[in-house]
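Colleague: Take a look at the following structure, please.
Every read-out reported here was derived from the displayed coordinates using simple, explicitly stated rules and does not represent laboratory data. Just so it is clear, the model here is predicted, and its values are computed rather than measured. FYI the Cβ positions are ideal-geometry reconstructions off the backbone, even for glycines, and counts take in every protein chain you see.
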């Protein structure tokens, strides 16, 4: 489901890549060369931790592949700054990390509200993908809820009408993934992603694509 009537109103986003770990699949939804795609990079989910080495890796991947990148740290931004930066973006890249921390600052800065009248490409990795679901409560203890003490509720964007569970083939979190799946309610829609997979959303339709660590082709 895409461009749906979500918790935040009518989101106009019509192209998105929702990845578990790698984002080379973004090539599937580009209609121009990367140099023309003004990209706002949101590292906030990684800012919950003292060390988040993947943030530099993902930012470097974008610049190496020709995307002009500007950072937007939600944890220190005002709602007005977020609205200004997002309004000028052709693509918004939301990196992974702590989903609860990311959602707390998305709520505080009215991140999704700022996108009601804009239609950038949205790229979300791990936490950045999970926040597009109707709610993030399904990730349970995959992330540390205590790192987001100001999070009032776990209602997320509702850009998609299913839950996303990334990293299902990542050995270090297998116990947590198994626990989540063992208690999954019958009939509740869930899309599971290996680390080399992503969901491509285009104009109301979605599909799973391979999205590995390779450069853009």
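Colleague: Plugging the Kirkwood radius over Cα pairs into Stokes-Einstein for the range 32-140, at a temperature of 4 °C and a viscosity of 1.567 mPa s, what D comes out in µm²/s?
Modeller: 93
Colleague: Also, quick follow-up: I'd like the distance separating the alpha-carbon centroids of the range 138-154 and the range 64-137, in whole Å.
Modeller: Going from one Cα centre to the other spans 17 Å.
Colleague: Could you work out the helix-only [θ] at 222 nm for the chain, with each DSSP H run of four or more residues adding -39,500 (n - 2.57) and the total divided by the number of residues, to the nearest 500 deg cm²/dmol?
Modeller: The per-residue figure over the chain is -6000 deg cm²/dmol.
Colleague: Beta carbons within 10 angstrom, averaged per residue: use that to sort the peptides 176-186, 50-60, 66-76, highest first.
Modeller: Packing proxy ranking, top to bottom: 66-76, 50-60, 176-186.
Colleague: So, one more: Whole number please: convex hull volume per residue of the Cα set in the chain, in Å³?
Modeller: It comes to 113 Å³ per residue, whole-number rounded.
Colleague: Another question, if that's okay. Order 35-43, 125-133 from most to least packed using the mean count of other Cβ atoms within 10 Å.
Modeller: The densest-packed peptide leads the list: 125-133, 35-43.
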